[in-house]
Structures are given as structure tokens and as C-alpha cells.
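Step one of this worksheet: look at the structure below.
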Amino acid sequence: MKQKDITLIVVLAFISAVVSLIISSQVFVTPANRQQKVQVVDSINDQFVKPSEKYFNSQSINPAQQIQIGDNTNTNPFNGSANQ
């Protein structure tokens, strides 16, 4: 290739890049598409509202309490033996 051909290719590549940038910015990203509406979130504070006494009272069942079903004498259930 001659020096003149390389210069012509570089100039054409630069011009086509500029033209494609201008056209793509007008076609794909219009000013109307750049504006987005978002929801406004309320701020979080450190105040805790006490729960209802209807559900959380001293007579309620504690769901975190451990429940034991039957008498289990096996203290190591995963040792491979069948002692029950």
C-alpha cells in the first residue's frame, strides 16, 4: 500500500466513526429516553413501634422454643451405629 492509501483509509475511518456516533446518539438515546422517573423512599429512623399486644403477649406460644419428640437416648446420631 502507498502512503496515500493509508492516509485515505484513516481519514475515512475517522469520518465514519464521527458520523456513526452522531447518528446513534440521535436515534438510540433521545433526550426523552434520558429522563427516568423514580420512586421517593421514606427515610429510615431509629424509632421502633411496639407490636400489638393481641399477638405478642405473655401467654403467646414461643415459636423459637426447642421441641423434643419422644425419648432419644442416642447422643451421637451420626456415628454409623444402629443403637436405638
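Can you go through Ser52, Ser60 and tell me which one is at pLDDT below 90, loosely packed, with under 10 Cβ neighbours inside 10 Å, among the hydroxyl-bearing types (Ser, Thr, Tyr) and out of contact with any strand residue (DSSP E or B) (no Cβ under 8 Å at 6 or more places or on another chain)? Outline the logic, then answer.
Working: Ser60 fails: loosely packed, with under 10 Cβ neighbours inside 10 Å.
Answer to the check: Ser52.
Quick one: Met1 ticks every box in (1) more than 43 Å from the chain's Cα centre (by Cα); (2) modelled with pLDDT of 80 or more; (3) aliphatic (A, V, I, L, M) bar one, so which box is it? In the conditions (1) more than 43 Å from the chain's Cα centre (by Cα); (2) modelled with pLDDT of 80 or more; (3) aliphatic (A, V, I, L, M), Met1 misses (2) alone.
The values are calculated or read from the model by the stated rules, or taken from the named source; none is laboratory data. Small disclaimer: the values here were computed from a predicted structure and weren't measured. Glycine gets a Cβ as well: all are built from the backbone with ideal geometry, and neighbour counts include every protein chain shown.
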